[in-house]
1. Would region B:88-104 turn up any residue that is within 14 Å of another protein chain (Cβ to nearest Cβ), surrounded by 16 or more Cβ atoms within 10 Å (Cβ to Cβ), in a strand (DSSP E or B) and away from the ligand (no atom under 11 Å from the Cβ)?
2. Can you name every residue in region B:116-130 that is near the ligand (Cβ under 10 Å from one of its atoms) and either modelled with pLDDT under 90 or in contact with a Pro (Cβ under 9 Å, 6 or more places away or on another chain) (or both)?
3. Looking only at residues that are in a strand (DSSP E or B) and either within 14 Å of another protein chain (Cβ to nearest Cβ) or acidic (Asp, Glu) (or both) in region B:105-115, which one is farthest from the ligand (Cβ to nearest atom)?
4. As an exercise: evaluate B:Tyr15 against (1) modelled with pLDDT of 65 or more; (2) hydroxyl-bearing (Ser, Thr, Tyr); (3) over 22 Å from A:Tyr24 (Cβ atoms) and give the number of the one condition it does not meet.
5. Of the residues A:Tyr29, A:Tyr24, which single one is more than 7 Å from chain B (Cβ to nearest Cβ), closer than 21 Å to B:Thr52 by Cβ and free of Cβ contacts under 8 Å to residues at least 40 places away in the same chain?
6. Is it the case that A:Ile14 is crowded, with 18+ Cβ neighbours inside 10 Å, within 7 Å of chain B (Cβ to nearest Cβ), modelled with pLDDT of 90 or more and in a helix (DSSP H, G or I)?
Amino acid sequence: MKRSYVGVALLCAILMLNIIFTQYMVHQYFFENYKNTIIAAAVNVILFPVAIYIYKRDKKQDKGMKNHE
Amino acid sequence: MSDKNKKIPYDEDNYTHNINRNNERKLDRRGFMKTLVGAAGVFAVSSLPWGTLAAKELMGLGDKEYKHKKITDVKSIAIGDAVDFAFPGEHDSAILIRLSENHYVAYQNACTHLRCPVFWDKKEEEMICPCHHGKFDVKTGTPIAGPPRRPLPEIQVKVDKGAVYAVRVKRYEA
Ligand code: FES
């Protein structure tokens, strides 16, 4: 397996975190712990650029690899 | 990438050249990652309304007092009976139960599972949600059976001059 699957694994982890925080957020909202709701929402939003970053990094690495082939 | 696709890899007498799918895996992985990023985006965007709602709730209308609202006359509700009303908004359906001479309890009766209206079962002395048989304790609003996990929001009531009024919605204790 020449290609690295680290990026895929990281993105999967992010998706998992997204799911967890979304559920937490909704529950905390109905429990009326609004601070926790906001924190969870912020985490969810921040995870998006992180995902983009991981994707871009992976793309770059891939290009580097192709040049060596 | 684009001009690579335009090239014909072999002379066209080779009818099996399209089995050669060396790069397909890579595209798969790339496409998969794209999907994952997109999913993260969807999650991010869909968190925004929750965040704003929570922020709104934090500022200002935190523990808001609503206009007191008359629910019913004491005369017209017998001990052990219940009446439906709406509080604080006209779509927030709620239920008032008279447990004894001077003991009233009121809850917003949207089930905390999937928001079916909870009703009062006089015989069993508990509040029952017909949708998935959730049950709530009538004294505290805590769920005692079935899928609901959160207590029903309690409404404070007060009796004044022969009528029952809804005062405010109690907050959950954090
Ligand atoms: S909606 Fe009340 S138990 Fe499911």
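1. No, the conditions are met nowhere in region B:88-104.
2. B:Cys116, B:Pro117, B:Val118, B:Cys129, B:Pro130 - these are the residues of region B:116-130 that are near the ligand (Cβ under 10 Å from one of its atoms) and either modelled with pLDDT under 90 or in contact with a Pro (Cβ under 9 Å, 6 or more places away or on another chain) (or both).
3. In the first step, residues of region B:105-115 are kept if they are in a strand (DSSP E or B); the result is B:105-108, B:110.
If we keep only those that are either within 14 Å of another protein chain (Cβ to nearest Cβ) or acidic (Asp, Glu) (or both) too, we end up with B:108, B:110.
Numbers: B:Gln108: 13, B:Ala110: 9 Å.
Per the stated criteria, the residue is B:Gln108.
4. (1)
5. Working: A:Tyr29 fails: more than 7 Å from chain B (Cβ to nearest Cβ).
Just a single option satisfies the conditions, and that option is A:Tyr24.
6. Values: crowded, with 18+ Cβ neighbours inside 10 Å: yes; within 7 Å of chain B (Cβ to nearest Cβ): yes; modelled with pLDDT of 90 or more: yes; in a helix (DSSP H, G or I): yes.
Yes: the conditions hold for A:Ile14.
The values are calculated or read from the model by the stated rules, or taken from the named source; none is laboratory data. Keep in mind it's a predicted model, so treat the numbers as computed, not measured. Here Cβ is always computed from backbone atoms with ideal geometry, including for glycine, and neighbour counts include all displayed protein chains.
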